[in-house]
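Worksheet: the structure to be examined is printed underneath.
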Amino acid sequence: MQPSKPDLTSSWTLEKNDLNSCFGCGACVVACHLENNVPVVGKNEVLRYHDMHWLRIDRYYVTDEKNPDNLKAVVFQPMLCQHCDNAPCENVCPVAATMHSSEGINQMAYNRCIGTRYCANNCPYKVRRFNWGDYTGASTHGRLGPSSGVGELNEVVHQMNDELTRMVLNPDVVTRSRGVMEKCTFCVQRTQAGKLKAKMENRPITGDEVQTACAQACPTNAIVFGNVNDNTSTVSKIRNENQRRVFYVLEQIHTLPNVNYLAKIRNTDELIAAEDNANE
């Protein structure tokens, strides 16, 4: 029997509001790296599929079926951990290093992870990242490059371990060691800080009080974060006002994601008029 979404006091969700607004600038990706101490691995490691982005921008190209070279439009879709309520990654971890919080967040226990990568293989969204190298300051002489040998200096790792570079790391977020899986956490450190502030002020936390780094950095407000169970929150209002546009990625496999998107809307009349003018 498939589980249904739990009715929680706080259920944090990320709303892509919306694909009309996202133009693929990548500011959210940079903000995520800075906020969560995500390592920069360099071009060689990206070529080996060892990139560490918690958040990526997927591009979908709209072309003519009969003429694939006729590019009509490009759609940008931010893709991150969907924080599924029925997460496939949680069931396969042999040491319970990834589990679900009471607030609907799929969280990681880094000190528990033994690096089996079962979770990454079982994730249908391919958003979990494995630390192939040591970016925590242990050694700058590693086997990261395609032709790296013993004792050969890896410049990217050396820069990440440089004392000056490490001064810009966020002290609220732990750095992960080699052999550990990591992914988007919905900036849980910001959520905890907001809850602590509300507790000190003897009041409940509001639905819009916490912002993730990606939502804060987005120049077009394409990303909105908040408590969906709070009817006064922006996320809840957007979802209620755009019910026909709301969709979930791979909704048919019943992962029950907590990240939803608003479908892109096009003015088909303008497209038809443009085609008619081109044919005349």
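Summary of values
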{"item": "Subset of 126/197; 72/183; 195/237 violating a 24 Å alpha-carbon distance limit", "result": "126/197; 72/183"}
{"item": "For the stretch 169-193 versus the stretch 75-109, the gap between their alpha-carbon centres in whole angstrom", "result": "14 Å"}
{"item": "By average C-beta atoms within 10 angstrom, highest first, the peptides 80-91, 201-212", "result": "80-91, 201-212"}
{"item": "Full-stretch length increase - residue 196, residue 46 - with 0.36 nm per residue and alpha-carbon distance subtracted", "result": "50.2 nm"}
{"item": "Relative contact order computed over the stretch 213-254 (Cα-Cα under 8 Å; 6+ residues apart), in percent", "result": "19 percent"}
{"item": "Segment residue 64-residue 241, extension gain: residue separation times 0.36 nm, minus the distance between their alpha carbons", "result": "60.5 nm"}
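Values in this text are rule-based calculations from the coordinates and carry no lab data. Remember, predicted model here, so these are calculated numbers, not experimental data. Backbone-built Cβ (ideal geometry, glycine too); neighbour counts: all protein chains shown.
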